[in-house]
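*Asks:* Before I ask anything, let me first share the structure, which is written out below as structure tokens.
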Amino acid sequence: MSVTVEEEMLVDRVRSGDARAAARLMTWAERADARFAEAHAGFAAGLGHARRLGITGPPGAGKSTLVEALCKHWRTSDARTLGVLAVDPSSPFSGGALLGDRVRMSALSLDPGVFVRSMATRGAFGGLARATDDLADVLDLLGRHTILVETVGVGQSEVDVVRSTDLTVLVLHPGAGDTIQAMKAGLMEAADLYVVNKSDLPDAERLVHEIADALDLRRGDRERPPVVTVSAVTGAGLPQLAQTLDRLLDVRTADGRLARRRTENLASRVRRLVDAELRREAWERAGLEGELVRRMAGPGTLSVYALAAGLLAAFRARAAERGDA
Amino acid sequence: MQPPIRVLVAKPGLDGHDRGAKVVAAALRDAGMEVVYGGLHATPEAIVEMALQEDVEVVGLSILSGAHMTLFPKVRRLLDEAGADDVLLTGGGIIPKADMDALARSGVGRLFGPGASLDELATYIRGEVERRRSAARSA
Ligand SMILES: Nc1nc2c(ncn2[C@@H]2O[C@H](COP(=O)(O)OP(=O)(O)OP(=O)(O)O)[C@@H](O)[C@H]2O)c(=O)[nH]1
Ligand SMILES: [Mg+2]
């Protein structure tokens, strides 16, 4: 892949801190524009400086409000630069999306030290969009110290965010007791830190105990992740949360866990890219979609297993043919 | 396949509620667009900053306060100064016909009164964005 002058110029502008250029590079990534993959090959070696925090949790837990509060805290405590990616679901019917997280972050809109970008899932499941990691890379290239990735409001087992970030924060709020039940198998196990938000409301203490109980049941001898109580609205507990996040990352940087996780994350990104390409290869380029329609219209077996085996055989035959040619 | 159209919808000014802007945002989503909702009371500076970070192709403002003759030109000017002169600025509110015409002459896109249909708005946006995209491709 060769990097053109246009790409190189845009990448240089991003690297020198040009937010408008970053916004455009993000659009290339979201559109799966080939120029992004080419540009990425040119800057990937310089990535890895930014800390990536995943903020996940059920709808209405206060993720966006907390992201704003954390950003405001860090801007005043140590003036670090920040990037925010806020993901909301696309409608499976219209393909459109209402990206509403920004409304809760209006206090950040005039601070050039905070770059906020909203993303729609565009058909991806798992709480993030296909290009979320790419956009985080652009924020990294832009020189942001810390990147916060807000997932869609998740219910049960969406854990993509774990494979996209250095640290996963699960935000819960009083009244989400049922959610803990529902999350037993998924996120509850994957989070590195639990935030009980809305401590200004009644029952926050009870939620802390419920979480502690759930964790004791499941973790066995694994280290129990911290549970931090905050109010994103009043600001209570925020300095402690910010400190805990920084400390966790320092510890994991020192003991090598961060490096291992980042390696795993990169491998999983590569797998996803290959998966997507293989799917296109099979269904579009090798014509399996047409083959499927043909076979289902014809007489004969309607066993899904037999049909799948037939399609795979046809795919392999075509691949071999092209290999010979 | 065409990438989805990204639109920023906001309601600048100090007056009241944002029901109108929310209805517009939902209608554009149902028309297949990705709508960044910028909320109430945003200043022109904040609106332009959001538009740049989100790299939207369209900014739609809902203005009921009567301040349309200052707000639309201000947002247009700030967008142009930031190099985002290719971003379509449109919107609606209670705006007299004469004002709409005057604004159109100053580089603001078509504006829609309270009686206008949301389909019409979506169709207008789609048409304008397609025109701009193909102009950019052939540039
Ligand atoms: N009382 C109280 N309300 C809060 C607090 N944090 C957030 N809220 C409110 O909770 C509601 C949801 O907040 P959001 O920040 O939009 O929640 P979210 O998790 O981002 O929601 P989705 O993105 O829709 O999943 C809003 O009305 C907030 O004002 C808090 O600490 N205390
Ligand atoms: Mg949110």
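*Asks:* Determine whether the stretch A:170-191 contains at least one residue that is part of a loop (DSSP other than H, G, I, E, B), away from ligand 1 (no atom under 12 Å from the Cβ), modelled with pLDDT of 85 or more and within 14 Å of chain B (Cβ to nearest Cβ). Walk me through it before giving the result.
*Replies:* So in the stretch A:170-191, the residues part of a loop (DSSP other than H, G, I, E, B) come out as A:173-176, A:184-186, A:191.
Now drop any that are not away from ligand 1 (no atom under 12 Å from the Cβ), which leaves A:184-186, A:191.
When the remaining residues are screened for being modelled with pLDDT of 85 or more, the result is A:191.
When the remaining residues are screened for being within 14 Å of chain B (Cβ to nearest Cβ), the result is none.
Within the stretch A:170-191, none of the residues are part of a loop (DSSP other than H, G, I, E, B), away from ligand 1 (no atom under 12 Å from the Cβ), modelled with pLDDT of 85 or more and within 14 Å of chain B (Cβ to nearest Cβ).
*Asks:* Taking only pairs six or more apart or across chains, which ones have beta-carbon atoms under 8 Å, a first residue in the stretch A:73-88 that is touching a residue at least 24 places away in the same chain (Cβ under 8 Å), and a second residue that is aromatic (Phe, Trp, Tyr) and surrounded by fewer than 24 Cβ atoms within 10 Å (Cβ to Cβ)?
*Replies:* That search, which allows pairs on different chains as well, returns A:Arg80/A:Trp74; A:Leu82/A:Trp74.
*Asks:* Additional query: Does A:Gly83 count as among the small types (Gly, Ala, Ser), under 18 Å from the mean Cα position of the chain (by Cα) and away from chain B (no Cβ under 14 Å)? Step through it out loud before you land on a result.
*Replies:* On the way: among the small types (Gly, Ala, Ser): yes; under 18 Å from the mean Cα position of the chain (by Cα): yes; away from chain B (no Cβ under 14 Å): no.
The answer is no for A:Gly83.
*Asks:* Shifting gears a bit: Find the residue count for the stretch B:76-97, including only residues that are modelled with pLDDT of 95 or more, away from every other protein chain (no Cβ under 14 Å) and assigned to a helix (DSSP H, G or I).
*Replies:* 2
*Asks:* Moving on. Of A:Ala61, A:Ala22, which residue is at pLDDT below 95, closer than 30 Å to B:Ala26 by Cβ and in contact with a Leu (Cβ under 9 Å, 6 or more places away or on another chain)?
*Replies:* Working: A:Ala22 fails: at pLDDT below 95.
The match here is A:Ala61.
*Asks:* Checking B:Ala51 against (1) in a helix (DSSP H, G or I); (2) surrounded by fewer than 18 Cβ atoms within 10 Å (Cβ to Cβ); (3) in contact with a strand residue (DSSP E or B) (Cβ under 7 Å, 6 or more places away or on another chain), only one condition comes out false. Which one?
*Replies:* Failed condition: (2).
*Asks:* Okay, next question. Which one is nearest to A:Arg52 (Cα to Cα), of the residues in the stretch A:116-150 that are away from chain B (no Cβ under 14 Å) and at pLDDT below 95?
*Replies:* Among residues in the stretch A:116-150 that are away from chain B (no Cβ under 14 Å) and at pLDDT below 95, the one nearest to A:Arg52 (Cα to Cα) is A:Leu128.
*Asks:* Can you pull out every residue in the stretch A:221-256 that is at pLDDT below 95 and basic (Lys, Arg)?
*Replies:* Hits for the stretch A:221-256 are A:Arg222, A:Arg224.
*Asks:* Would you tally the residues in the stretch B:27-45 being among the hydrophobic types (A, V, I, L, M, F, W, C), in contact with a Pro (Cβ under 9 Å, 6 or more places away or on another chain) and at pLDDT 95 or above? Walk me through how you get there before you give the answer.
*Replies:* Narrowing the stretch B:27-45 to residues among the hydrophobic types (A, V, I, L, M, F, W, C): B:27-28, B:31, B:33, B:35-36, B:40, B:42.
Checking which are in contact with a Pro (Cβ under 9 Å, 6 or more places away or on another chain) leaves us with B:33, B:40, B:42.
Filter again for at pLDDT 95 or above, leaving B:33.
Qualifying residue count, the stretch B:27-45: 1.
*Asks:* For the stretch A:36-70, how many residues meet the condition of being within 14 Å of another protein chain (Cβ to nearest Cβ) and either more than 13 Å from ligand 1 (Cβ to nearest atom) or more than 14 Å from A:Asp111 (Cα to Cα) (or both)? Break it down stepwise before answering.
*Replies:* The initial filter retains those residues of the stretch A:36-70 that are within 14 Å of another protein chain (Cβ to nearest Cβ), namely A:36, A:64-65, A:68.
Now drop any that are not either more than 13 Å from ligand 1 (Cβ to nearest atom) or more than 14 Å from A:Asp111 (Cα to Cα) (or both), which leaves A:36, A:64-65.
Qualifying residue count, the stretch A:36-70: 3.
*Asks:* Can you list residue pairs whose Cβ atoms sit under 7 Å apart, with the first residue in the stretch A:15-28 being on the phi > 0 side of the Ramachandran plot and the second being among the hydrophobic types (A, V, I, L, M, F, W, C) and crowded, with 20+ Cβ neighbours inside 10 Å? Count only pairs 6 or more apart in sequence or on different chains.
*Replies:* Matching pairs, first to second residue: A:Gly17/A:Leu142.
Listed here are the residues, each with its yes/no results for (1) touching a Pro at 6+ places or on another chain (Cβ under 6 Å); (2) buried (at least 17 other Cβ atoms within 10 Å of the Cβ); (3) within 20 Å of A:Arg269 (Cβ to Cβ).
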site: A:Met26; (1), (2), (3): no, yes, yes
site: A:Pro59; (1), (2), (3): no, no, no
site: A:Ser64; (1), (2), (3): no, yes, no
site: A:Arg80; (1), (2), (3): no, no, no
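*Asks:* Next up: Just wondering, is there one or more residues in the stretch B:13-28 that are farther than 26 Å from A:Gly95 by Cα, within 13 Å of another protein chain (Cβ to nearest Cβ) and surrounded by 24 or more Cβ atoms within 10 Å (Cβ to Cβ)? Walk me through how you get there before you give the answer.
*Replies:* Step one: filter the stretch B:13-28 for residues farther than 26 Å from A:Gly95 by Cα, giving B:13-17.
When the remaining residues are screened for being within 13 Å of another protein chain (Cβ to nearest Cβ), the result is none.
No, the stretch B:13-28 contains no residue that is farther than 26 Å from A:Gly95 by Cα, within 13 Å of another protein chain (Cβ to nearest Cβ) and surrounded by 24 or more Cβ atoms within 10 Å (Cβ to Cβ).
*Asks:* Scan the stretch A:110-125 residue by residue and report those that are touching a Lys or Arg at 6+ places or on another chain (Cβ under 9 Å) and surrounded by fewer than 21 Cβ atoms within 10 Å (Cβ to Cβ).
*Replies:* If the condition is that a residue be touching a Lys or Arg at 6+ places or on another chain (Cβ under 9 Å) and surrounded by fewer than 21 Cβ atoms within 10 Å (Cβ to Cβ), then A:Asp111, A:Gly113, A:Arg122, A:Gly123, A:Ala124 are the ones that fit.
*Asks:* Those residues that are charged (D, E, K, R) and either farther than 19 Å from B:Glu49 by Cα or away from ligand 2 (no atom under 16 Å from the Cβ) (or both), I need them from the stretch A:81-109; list them, please. If you could, list the steps in order and put the result at the bottom.
*Replies:* Start the filter on the stretch A:81-109 by keeping residues that are charged (D, E, K, R), which leaves A:88, A:101-102, A:104.
Passing the criteria: only A:Asp88.
*Asks:* Take the residues in the stretch A:94-111 that are more than 19 Å from the chain's Cα centre (by Cα) and within 8 Å of another protein chain (Cβ to nearest Cβ); name whichever of them is farthest from A:Gly153 (Cα to Cα).
*Replies:* For the stretch A:94-111, the residue satisfying everything is A:Leu110.
*Asks:* Looking only at residues that are charged (D, E, K, R) and within 20 Å of the chain's Cα centre (by Cα) in the stretch A:60-80, which one is nearest to A:Leu238 (Cα to Cα)? Steps first, answer last, please.
*Replies:* Of the residues in the stretch A:60-80, the ones charged (D, E, K, R) are A:63, A:68, A:72, A:75, A:78, A:80.
Filter once more, so that each one left must be within 20 Å of the chain's Cα centre (by Cα): A:63, A:68.
On the way: A:Lys63: 13, A:Glu68: 11 Å.
Among those that are charged (D, E, K, R) and within 20 Å of the chain's Cα centre (by Cα), it is A:Glu68.
*Asks:* Also, quick follow-up: Based on what the data block shows, is A:Ala45 without any contact (Cβ under 8 Å) to a residue 40 or more places away in the chain, more than 16 Å from ligand 2 (Cβ to nearest atom), surrounded by fewer than 14 Cβ atoms within 10 Å (Cβ to Cβ) and outside any helix (DSSP H, G or I)? Even if it seems obvious, please write down each step before you answer.
*Replies:* On the way: without any contact (Cβ under 8 Å) to a residue 40 or more places away in the chain: yes; more than 16 Å from ligand 2 (Cβ to nearest atom): yes; surrounded by fewer than 14 Cβ atoms within 10 Å (Cβ to Cβ): yes; outside any helix (DSSP H, G or I): no.
When the stated conditions are applied, A:Ala45 does not pass them.
*Asks:* Show me the helices (runs of 4 or more DSSP H) entirely contained within the stretch A:214-308 in which 1 or more residues are within 30 Å of A:Asp140 (Cα to Cα). Reasoning before the result, please.
*Replies:* On the way: elements: A:238-254, A:257-280, A:288-297.
Qualifying helices (runs of 4 or more DSSP H): A:238-254, A:257-280.
*Asks:* In the stretch A:29-40, what residues are assigned to a helix (DSSP H, G or I) and under 13 Å from A:Asp133 (Cα atoms)? Don't jump to the end; show me each part of the working.
*Replies:* Kept after step one, since they are assigned to a helix (DSSP H, G or I), are these residues of the stretch A:29-40: A:29-30, A:34-40.
A:Ala29, A:Glu30, A:Phe36, A:Ala37, A:His40 - these are the residues of the stretch A:29-40 that are assigned to a helix (DSSP H, G or I) and under 13 Å from A:Asp133 (Cα atoms).
The values are calculated or read from the model by the stated rules, or taken from the named source; none is laboratory data. Quantities reported herein were computed from a predicted structural model and do not represent experimental measurements. Neighbour counts run over all protein chains shown; Cβ positions are idealised from the backbone, glycine included.
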